[in-house]
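I have placed the structure first, in the form of structure tokens, so that the comments after it can refer back to it.
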Amino acid sequence: MLDITNGNIVIEEFNSKLYKGMQLAELKNTDYYKAKFNSFRDVQTGYFWYGFDAFSWEGYQIHISMCFYGDTLEHFHINTWEDTDAKTWDDWTEKKEMAVFERNNSFMRKLSGEKGNKKKDPYPQWNAVFDWGTLWSVYDPRSASSIAGLSYK
């Protein structure tokens, strides 16, 4: 899924390659976009988020959101998902959210080829730094959420 030499995301099931600098028109022509696109959000800063339905990859259910600046891909949020994850605040517990964080870490370690470092301060996080950018995963207690992603240099 991740080419660790350049940071490209390859989704073989949809014969699609996603990469820094990809143009929106290119994305819209991919099988992945045609099959999984589900949302668009304009954050009124020149940045736009495109969300996609989950797909299965090596035992993980994966949700990808792509951040574009104008028409150019900048970075990704890549999160795992399971049916047991909290769906409402009534169902949310920190224990459940930490399980999501650990699952995201496991997924990111798999993507990175087991590279990476975990630390607890100032909040639980994991990252793997490459020449082209960083894979990362965090639990943010202020927003009570766990997110993971790929940021390019």
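Each value in this text was obtained by applying a stated rule to the coordinates, not by laboratory testing. Predicted, not measured: the structure shown is a model, and the values here were computed from it. Ideal geometry is used to build each Cβ from the backbone, glycine not excepted, and the neighbour counts take in all protein chains shown.
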Dipole moment magnitude, nearest 20 debye, the chain about Cα centre, only Lys, Arg, Asp, Glu C-beta charged | 360
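Of all GluC sites (Glu not before Pro) in the range 1-71, which ones are in loop regions per DSSP and have a Cβ with at most 11 other Cβ atoms within 10 Å?
Loop-located and lightly packed - E58.
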Of the listed pairs K96/K153; K20/K110; K36/K153; K36/K110; K87/K115; K17/K87, which have alpha-carbon separations greater than 25 Å here?
-> K96/K153; K36/K153; K87/K115; K17/K87
Given 4 °C and 1.567 mPa s, how large is the Stokes-Einstein diffusion coefficient of the range 107-153 in µm²/s, with Rh as the Kirkwood radius over Cα pairs?
-> 118
Return the aspartates and glutamates within reach of K120: Cα separation strictly under 18 angstrom, same-chain partners fewer than 8 residues apart disregarded; answer none if there are no such residues.
-> E94, E97, E102, D140
Can you tell me the 0 to 90 degree angle between the C-alpha axis of helix 94-112 and the longest principal axis of the chain, rounded to 10?
-> 50
The chain, Cα convex hull volume normalised per residue, Å³ | 125
Taking a spot 7 Å from the Cα of K153 along the direction of its beta carbon, which residues of the range 119-142 have an amide N less than 13 Å from it?
-> 129-135
